[in-house]
Structure formats: structure tokens, C-alpha cells
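Take a look at the structure set out below.
Every read-out reported here was derived from the displayed coordinates using simple, explicitly stated rules and does not represent laboratory data. Please read these numbers as outputs of a predicted model, since none were measured by experiment. Using ideal geometry, Cβ is built from the backbone for each residue, glycine included, and neighbour counts are taken over all protein chains shown.
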Amino acid sequence: EQDIIGKLPLRGKKVLITAGPTYEAIDPVRFIGNHSSGKMGFAIAETAAALGASVVLVCGPTHLKLSGKTIERIDVTSAEEMFEAVKSEYADADIAIAAAAVADYKPATVADQKIKKKGAALQINLEPTPDILKYMGEQKQNQFLVGFALETENEIANAKGKLTRKNLDLIVLNSLNDTGAGFKTETNKVTFITREGDILPQELKAKEKVAQDLFQFIQEKLYA
Ligand code: CTP
Ligand code: CA
């Protein structure tokens, strides 16, 4: 792996990455969100830049900072905003990696004023957000398209289903089961599943190392 970093193998390639959570507004002060830290997506962006790629990172709300200045960062809040940014950056990408934890639902209407507390139960109607990765799969020309999947049951079958439905080349299955894997942690336990049906479980490792192995794997696929 040291080798590929030395040789800048992704020079001239554009890598588009989504990262972090999305926040879906309920009213001016509240939102529906999730615990994604953005760390995995940021590690992927830093690694791609280190390999010489031109990197566009579309990220939801996060306090993370990028160490290098060569990455173009587009900050967004909601799934809809992330979708708009991806639509304008996807066509000329060579590799696209969806690491964001996009909200699946958003409030059907956003209250203009802060919702006041009443005695009774409150209902908020939710409607689906756009599936950004599915769009990328539908619009795919020559991009190598990578998704992530977080599953708590039937992990492999569910991840394979997503790979097929979203027309991906590779899906990275995230396991929440193992200590140290998942949200807010420094490490991840992942399995690479390819379009061709290969299933490659990885050791528990630092997110930076997962990112390096991911690009090593992509390069072997692309330039084999
Ligand atoms: N994704 C996306 N846009 C969405 C939802 C998901 O781009 N609106 C992407 C994620 O970034 C991830 C992949 O799709 O790369 C899978 O996300 P996941 O939440 O695991 O799957 P879903 O298709 O949303 O299905 P479910 O949550 O029901 O398991
Ligand atoms: Ca989802």
C-alpha cells in the first residue's frame, strides 16, 4: 500500500464522496438526524487526495476538518441539498463513493415557527427523501460506484440487495456487531462485496486503513 501512495495512481481522476449525516428540519430549531460522525467519508477523501485524485467531498453537518487544502468541500444540511450537490458533481466523476448516512425520511412540512408544547401526543408526518446513490446508479456512465450498507440482520443478503438495486460496482458492508465498529468510532469492521459476487471480510481496523484498502481494491478492479 505504501507503493500506491508514492506513485499518485489517482492523478487526473475525479473522486466524488458523500459523508456525514443529514439533518431534516422539523421547525426552525429542531431536526431529524443520526449519529454519523463523517469520519469514514473524511478518511476516504483524505486518502483519495493523498493518492493524487481531485476530490469533491459533499458533507452533511459535522465538526470534522480536513487536513489538506486540496479537497473541494461542499457543506450541506439536508438530503435534498446533498442530492443537488451530487447532481452537479457526478457526471464527470471517475469514482463515486457514498459514505453519507442520509436520512430516509423528512418531515412533510417544516413549521415556520417553533412548535409549541401541548398536552396531547404530537404526530409528525414524514415523507421519503431522494435516494442519492440510486440516482448515481441510474445515471452511471463510466463511474466506478461504491456504496455503504449498515445492516443489523441478514447482513450479506441485504447488502447484496442494495448493490443490485442501486447498480453499484462495490458495496462496503458495515458491521455494528463488533466492538469498536460503527458510528463515532475510530475503527470499522467491514466486508467488501462486489458486483461479481465476491465477498471479502476485512479485519477490524482504523477508518484510515479501511479507506486505503478500499482504494487498493478499487484500483485492482479498475486497472486489472
Ligand atoms: N443512500 C443515499 N441516499 C439515501 C439513502 C441512502 O445515497 N437517501 C446511500 C448511503 O450513502 C449508502 C447506501 O445508500 O451508501 C445505503 O444506505 P442504507 O441506509 O444502508 O440503505 P437504504 O437504501 O437507505 O435502505 P435501509 O436504510 O432501509 O436499509
Ligand atoms: Ca437508509
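The amide H of Ile74, built 1.01 Å from its N in the peptide plane, has Leu57, Val58, Cys59 as neighbours under 5 Å, considering only residues 5 or more places off or on other chains.
3J(HN,Hα) along region 192-197, derived from phi through the Karplus expression 6.51 cos²θ - 1.76 cosθ + 1.60 where θ = phi - 60°, amounts to 8, 10, 9, 4, 6, x Hz, with x in place of Gly and Pro. Hydrodynamic estimate: the Kirkwood radius of region 67-114 over Cα pairs, inserted into Stokes-Einstein at 25 °C and 0.890 mPa s, corresponds to D of 184 µm²/s. Hull volume per residue, based on the alpha-carbon atoms of the chain and their convex hull, is 138 Å³.
Take the Cα of Tyr223, step 7 Å toward its Cβ, do the same at Asn158, and the gap between the two points is 3.6 nm. The simple Förster model, with R0 at 22 Å and r as the Cβ-Cβ distance, assigns Glu186 and Arg30 a FRET efficiency of 0.15.
Scattering from region 93-148 was approximated by placing one identical point on each alpha carbon and applying the Debye formula without solvent; log10 I(q)/I(0) at 0.27 1/Å stands at -1.11. Residues of region 23-42 with an amide N closer than 17 Å to a point placed 7 Å from the Cα of Leu64 along the Cα-to-Cβ direction: 23, 34-42. Packing-based ranking of 22-30, 204-212 yields 204-212, 22-30, ordered from highest to lowest mean Cβ neighbour count within 10 Å.
For region 64-69, 3J(HN,Hα) computed residue by residue from phi via the Karplus equation (6.51, -1.76, 1.60; θ = phi - 60°) reads 5, 10, 8, 7, x, 9 Hz, glycine and proline entered as x. When shorter helices are ignored and each DSSP H run of at least 4 residues is given -39500 (n - 2.57), the per-residue value for the chain at 222 nm works out to -8000 deg cm²/dmol.
Here Lys207 is the anchor, and the aspartates and glutamates within straight C-alpha reach of less than 17 Å, apart from those fewer than 8 places off in the same chain, are Glu1, Glu46, Asp178, Glu186. Across region 86-190, counting alpha-carbon atoms alone, Rg and Dmax equal 17.6, 56 Å.
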